[in-house]
Amino acid sequence: MPRQPVFNVPGVVTALAAAMAVIHLVRTYVLSEGADLEILALFSFVPGRYDAEAALALPGGIGADIWTFVTYALLHANWIHLGVNLIWMLAFATPVARRFGPARFLAFFAVTAAVGAFAHLITHRDAMVPMIGASAAIAGLMAAAVRFAFAPGGSLSGRRGPLPDHMPAQGLGEAFRDPRVLGFMGVWIAANLLFGVGVTMPGAEDGEVAWQAHLGGFFAGLLLFSFFDPVGRRLPREKTAA
């Protein structure tokens, strides 16, 4: 019987993690401080970019107005910030990528990152402090995993099926009635609200935690999951009339 690999991470997740690591490596050890500031100005998410006057001071024009909704997720503040995000990403991106496939996975990552940036924009209008980090997209991946991990045969269902990452998902209404899903959501939302009152997370001691972006990414992942899911959801049990 062939041995199963200890780390069975899909190639698209490995490539994305490697890209983030290489980007931070170059920013830290290759680029000058001035060049790194230019990278942040071009690719981080700055809400003030969408203020007509402040936008004049930022490079990239209309293109940066669009791509920074996603590219900020590839940048990180320091190695701790990157390491924490990669650990969470490997945990939750792995089952989602197995289920979605590379193209859907990358599209889902981009969409949840963009919704997280939009949530940050709504709550930080005209702010010039750049937001960076993959946390919003990772929150979206967490929400996606919740939709199928607790379904019958899923990896957290108690009766794990032979292909737990490919079992039919719960419908949205069914998920919101599942006490395990609600418990997971409650703990996760409470943790982010703590960030909102000043509790810090590893790697972000010198800056503000963008908890609104986390929430935006999470609920985007939860609500938009079905549009990306190639497997579909579990059909409700048939009811018979007496």
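The values are calculated or read from the model by the stated rules, or taken from the named source; none is laboratory data. All figures in this text were calculated on a predicted structure; none of them were measured in a lab. To get the accessible areas, we keep the full protein, side chains included, count just its heavy atoms, and leave off ligands, DNA and RNA. Shrake-Rupley method; radii C 1.70, N 1.55, O 1.52, S 1.80 Å.
Which of rounded, prolate, oblate describes the stretch 114-197, given a ≥ b ≥ c as roots of the alpha-carbon gyration tensor eigenvalues and a/c under 1.5 marking rounded, otherwise prolate only if a/b is larger than b/c?
The shape class here is prolate.
Per-residue accessible area for TRP211 at 1.4 Å probe radius, Å² rounded to 10?
60 Å²
Please report, for the Cα atoms of the stretch 33-183, the Rg to one decimal and the Dmax as a whole number; what are they, in angstrom?
Final numbers for Rg and Dmax: 18.1, 58 Å.
Sort ARG159, ARG180, ARG125 by heavy-atom solvent-accessible area, probe 1.4 angstrom, most to least.
From most accessible down to least: ARG159, ARG125, ARG180.
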